[in-house]
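Below: one structure in structure tokens.
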């Protein structure tokens, strides 16, 4: 029984998904396009596995663009107050590694996480 539990514990450690998401980017988005993350912000040869963008504001929406050369527009992906956008790696296809920019005509706050 102890061997079985030990084997299971070792297997869980070996096959567990890495905990590498970093959620340290926060800030304010205004009526001018704001860069949230630069292109290819993940170091190393691999691209993004995961990306989360949150509109942490409580009253104003924002629009988000990936790979826009920091030119988000009001026609880009809409995130209402408190809304989130999550992208994850699908099979061998990575999340886009381009810059991430946002705009909010009335102003709001954001949080950005990626790995």
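For residues in the stretch 45-69 being part of a loop (DSSP other than H, G, I, E, B) and within 15 Å of the chain's Cα centre (by Cα), which is modelled with the lowest pLDDT?
Step one: filter the stretch 45-69 for residues part of a loop (DSSP other than H, G, I, E, B), giving 45-47, 49, 56-61, 67-69.
Remaining after also requiring within 15 Å of the chain's Cα centre (by Cα): 47, 49, 56, 67.
Working: 47: 74, 49: 85, 56: 95, 67: 91.
Across the stretch 45-69, the extreme among qualifying residues is 47.
Just the residues that are outside any strand (DSSP E or B) and modelled with pLDDT of 95 or more, please, taken from the stretch 75-99.
75, 76, 80, 81, 82, 83
Looking only at the stretch 69-101, how many residues end up being over 15 Å from residue 51 (Cα atoms) and in contact (Cβ under 8 Å) with a residue 40 or more places away in the chain?
Residues in the stretch 69-101 being over 15 Å from residue 51 (Cα atoms) and in contact (Cβ under 8 Å) with a residue 40 or more places away in the chain: 1 in total.
When you look at residue 96, is it over 15 Å from residue 26 (Cβ atoms), under 14 Å from the mean Cα position of the chain (by Cα) and surrounded by fewer than 16 Cβ atoms within 10 Å (Cβ to Cβ), yes or no?
On the way: over 15 Å from residue 26 (Cβ atoms): yes; under 14 Å from the mean Cα position of the chain (by Cα): yes; surrounded by fewer than 16 Cβ atoms within 10 Å (Cβ to Cβ): yes.
Yes.
Another question, then. Residues of the stretch 55-66 being free of Cβ contacts under 8 Å to residues at least 40 places away in the same chain and surrounded by 12 or more Cβ atoms within 10 Å (Cβ to Cβ), which ones?
Answer for the stretch 55-66, where residues must be free of Cβ contacts under 8 Å to residues at least 40 places away in the same chain and surrounded by 12 or more Cβ atoms within 10 Å (Cβ to Cβ): 64, 65, 66.
Of all residues in the stretch 29-44, which are under 10 Å from residue 104 (Cβ atoms) and under 16 Å from the mean Cα position of the chain (by Cα)?
Once the filter is applied, which keeps residues that are under 10 Å from residue 104 (Cβ atoms) and under 16 Å from the mean Cα position of the chain (by Cα), the stretch 29-44 yields 29, 34.
Working carefully through the options 102, 72, find the one that is assigned to a loop (DSSP other than H, G, I, E, B), at pLDDT 95 or above and within 20 Å of residue 26 (Cβ to Cβ).
72
Would you tally the residues in the stretch 26-44 being surrounded by 10 or more Cβ atoms within 10 Å (Cβ to Cβ), on the phi < 0 side of the Ramachandran plot and modelled with pLDDT under 90?
So the count comes out to 5.
The values are calculated or read from the model by the stated rules, or taken from the named source; none is laboratory data. Because the structure is a prediction, the values reported are computed rather than measured. Cβ sites come from the backbone with ideal geometry, for glycine too, and all protein chains shown count toward neighbours.
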